[in-house]
1. Taking 8 Å as the Cα distance limit and 6 or more residues as the minimum spacing, I'd like the relative contact order of region 163-297 as a percentage.
2. So if a site counts as exposed when it's one of the trypsin sites (Lys or Arg not before Pro), its DSSP state isn't H, G, I, E or B, and it has at most 16 other Cβ atoms within 10 Å, what's the longest stretch of the chain without one?
3. So which of 196/225; 67/225; 7/96 end up more than 26 Å apart by C-alpha?
4. Only one of the listed values, (i) 120; (ii) 210; (iii) 152, was derived from the coordinates as volume of the Cα convex hull per residue in Å³; which label is it?
5. Once every DSSP H run of n ≥ 4 in the chain is given -39500 (n - 2.57) and the sum is divided by its residues, what mean residue ellipticity at 222 nm do you get, rounded to the nearest 500 deg cm²/dmol?
6. Under a 5 Å amide H to amide H cut-off, with H placed in plane at 1.01 Å, what residues pair with residue 39 once short-range neighbours are removed?
7. What is the calculated FRET efficiency for residue 26 to residue 186, with r their C-beta to C-beta distance and R₀ = 41 Å, to the nearest 0.05?
8. Give the relative contact order (percent, whole number) for region 61-296; include only Cα pairs under 8 Å separated by 6+ residues.
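Read the figures in this text as sums done on the coordinates, not as results from a lab. Everything quoted here is computed from the prediction, not taken from an experiment. Cβ placement follows ideal geometry from the backbone for every residue including glycine, while neighbour counts extend to all protein chains displayed.
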Amino acid sequence: MKKFLQKNAPGYVFLAPWLVGFFFLAAGPILASLVLSFTKYDMISPPQFVGLDQYIFMFERDRRFYKALQVTFSFVFLSVPARLIVALAIAMILDKGIRAIGIYRALYYLPSILGSSIAVAILWRQVFAGEGVLNTILAQVGIDGPNWLANPSVSLYTLVTLAMWQFGAPMLIFLAGLRSIPQDLYEAAEIDAASKVRQFFAITLPLLAPVIFFNLVLQMIDAFKTFNSVFIISNGLGSPADSLLFYTLYLFNEAFKFFRMGYASALAWVLLLIIAAFTFIAFMTSRYWVHYENERD
């Protein structure tokens, strides 16, 4: 026990602020939401215990619940790989030792700092509006662009594009991972006349697998929790035709628009279980493609 404490004490010291905040600020509301998920509660009248009725209604009769799942899953499966690919590509470009690399890093990271803000969501709405910046540019070359945000078949892709634009955080993590790969491996590959493509798939990707996995889990969780941008772009309605009805937006409206706090709590716990399930799957499958240095040693 003494050796365990000596070995792990620094880690627990750094974790202490988060642990204090979690147990004294977050744990209570989390448990309260679990209790409320079994009640009918409008934030005015006292909660009425209804057992599993909220969950039964959710899975058997709530069609918008399944629509919200469909939209959210589509966004996650499209945006997460796209963001990681863009982030890795930019990181590999910046890893070439270009001049003023610090400035480029800051510029590329800037969208991630601003990406979740209300101002950028409003800007994005103006860019993709019927008479927005994008259609104005397309008109200059004779293309009559659609109203991207009013067309259910393409509106989701505007949010995917915004997610791709927010590649700064995973890009910096990828850049750190690339810098940790020994350069002598690439030199040996060049001596063996291996092409750049061969080096990427034989050296870069395998050694970068732990970083890819780390970014994958973080970005997947972040995608499931997307709210600010879709709330602003869809005016809080998920329109057009519920094509932007993200799960978090549906949960928010149930809680603070229709005052069905008990049902919203049930929705929140289902979302927690969904994220936990996807994270568990990611960890279980990682054993087949993620390998760490100590395992190789």
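1. Contact order relative to length: 22 percent.
2. Numbers: sites that count: 61, 96, 99, 225, 257, 287.
My reading of the result: 100-224 is the longest stretch.
3. On the way: 196/225 37 Å; 67/225 16 Å; 7/96 38 Å.
Too far apart for the 26 Å limit: 196/225; 7/96.
4. Of the listed options (i) 120; (ii) 210; (iii) 152, (ii) comes from this structure.
5. -21500 deg cm²/dmol, from helical runs alone.
6. Result for residue 39 returns 50.
7. In this case the efficiency is close to 0.35.
8. 28 percent
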